[in-house]
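Read the structure below first, then the notes.
Throughout, read-outs are computed from the coordinates displayed, never taken from laboratory work. Keep in mind that what you see is a predicted model, and the values were worked out from it rather than measured. Cβ: placed from backbone, ideal geometry, glycine included. Neighbour counts: every protein chain shown.
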Amino acid sequence: MTPLDETHDPDRKSWVPGADAHPHFPIQNLPFGIFAPPGGIPRPGIAIGDHILDLRAVRHALGPQAERALAPATGEGLNDFLAQGAAARRAVRHAVATLLTRGNPAEHHAAQILHPAAGCTLHLPATIGDYTDFYAGLHHATAVGKLFRPDNPLLPNYKHIPIGYHGRASSVVVSGTPVRRPAGQQKRPDSPAPDFAPSQRLDYELELAIWIGPGNELGHPIPIEEAAAHIAGYALLNDWSARDLQAWEYQPLGPFLAKSFATALSPWIITPEALAPFHAPQPPRPASDPHPLPYLWNDSDQQTGALALRLQTWLRTKTLENPLQLAESHATDLYWTPAQLIAHHTSNGCNLRPGDLLGTGTISGPAPNQAGSLLELTQGGKNPLSLPNGETRRFLEDGDEIALLAFAERAGFATIGFGECAGVVEAPQERVLS
Ligand code: CA
């Protein structure tokens, strides 16, 4: 497990205005990303308060170890930086924490090395070779299963094997990218044949994303006790989903066009180092649950491999005065740890590469109002949500915006956040409407 050190000191203050006690990016967080300042080209950066530190501009001031670690980080993506693993991340984290601490002379060069985040364009932090989506949210799997099989919601494999499928990397977009309502083939219950139309059951899914660091050679599984070393960091992921397309297409091979039109990702890689104080035990399995096979089990992973994160979904509409919180859940609502997902993914020899992306699956809490999707919150559209201004929602309407948030909190440590994963639903292409 990642050790605690002076970079986690809650009393460490930064000279960057607004950074101390910033809800997402105080000096204890220091997440990596790719950004472009106004009129500039994309480059690696670190979020600090409401600013972004330009790593290209400061790399020579960070000392030889951090400078060497940053050499492979380019505006094209952080893949080669992530491939180096924890030592490189830690070298940069320590050097940047020192640089940004109150009293450091770097403050006199603030204009050259800091950019106000509001004026910058954020990009995906790495080129995603492959994207896999799991289904590890126990309460989501149970609630969705209940819609179809009230007496037997979980299929017999669920508690033995982390369920997943290979997603689409080309349509993973950074937070802020609007999502155009997809059209597709759908078969209405009262219609004898399918038609092709804009989705009427557009939904979101609140998930955690896992960025892969070093990865493995083809044919060489990652043992579970080594899996954590391959996690480069975390982000928030919205697995936009068209439920009407999904219902018609998913059997027998699983989701396809109902998911591949867009997957949104928060722009900052929250590192395992930043999250070191927020590791938690995996909630114990009920005695009646099967014990996982040995390749999925590691005592130390069970003791510290989960993350204590508070996850939130917010809705903004064209007419709502204030954003409305739809739900809150916790990363400990996952049935499998990130290490178990990685051990399982590579157990057949499949190779994970630097910059690959894993989604955990929708994270819902046990209560109905803690659900990470509208499918659950409205029971498949049967019980619409009532909004404070009198509107209702079964599924998303054009102009609706979904924003996902995550916070890591623990007494004695500075709270850190993930930044937002947000996107507005746009009307479908007119060609489809006619
Ligand atoms: Ca999903």
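Data overview
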read-out: Leading residue at positive end of dipole, the chain (Cβ point charges), from Ala327, Ala371, Val173; value: Val173
read-out: Diffusion coefficient, µm² s⁻¹, Stokes-Einstein with Kirkwood Rh over alpha-carbon pairs of the range 1-67 at 25 °C and 0.890 mPa s; value: 186
read-out: Kirkwood estimate for the chain, i.e. one over the average of 1/r between Cα atoms, Å; value: 22.3
read-out: CD proxy at 222 nm, helix term only [per DSSP H run n ≥ 4: -39500 (n - 2.57); per residue of the chain; nearest 500]; value: -4500 deg cm²/dmol
read-out: Computed magnitude of the charge dipole of the chain (debye, nearest 20; Cβ of K, R +1, Cβ of D, E -1); value: 320
read-out: Spacing of the two label points (7 Å from each Cα toward its C-beta) at Glu107 and Trp248, in nm; value: 6.3
read-out: Excluding exposed DSSP-loop trypsin sites (Lys or Arg not before Pro) (at most 16 other C-beta within 10 Å), longest clean stretch of the chain; value: 188-317
read-out: Projected area averaged over orientations for the range 257-384, convex hull of C-alpha atoms, nm²; value: 11.4
read-out: Extension gain from Phe413 to Asp9, taking 0.36 nm per residue of separation minus the Cα-Cα distance; value: 144.7 nm
read-out: Estimated FRET transfer efficiency when R0 is 45 angstrom, pair Lys146-Thr177 (beta carbons, to 0.05); value: 0.85
read-out: Residues of type lysines that Lys159 reaches as a straight line, Cα spacing below 28 Å, ignoring anything fewer than 8 places off in the same chain; value: Lys146, Lys259
read-out: Kirkwood-based shape ratio for the range 346-434, expressed as Rg/Rh from alpha carbons; value: 1.08
read-out: Debye log10 I(q)/I(0) at q = 0.14, 0.16 Å⁻¹ for the range 14-115, Cα point scatterers; value: -0.47, -0.63
read-out: Gain upon complete extension [Lys187, Arg310; 0.36 nm per residue less C-alpha separation]; value: 40.6 nm
read-out: Cα-Cα P(r), the range 85-159, percent of pairs per 10 Å interval; value: 13, 21, 21, 17, 17, 10, 2
read-out: Distance from the range 52-87 to the range 320-338 (C-alpha centre basis), Å; value: 32
read-out: C-alpha long axis of helix 86-100 to longest principal axis of the chain, angle in °; value: 60
read-out: In the range 177-257, the GluC sites (Glu not before Pro) that fall in loop regions by DSSP, at most 14 other Cβ within 10 Å; value: Glu217
read-out: Distance histogram for the range 177-325 (every C-alpha pair counted, 5 angstrom bins, percent rounded to whole numbers); value: 2, 7, 11, 14, 13, 15, 15, 11, 8, 4, 1, 0
read-out: For the range 246-304 and the range 166-215, distance of Cα centres in Å; value: 19
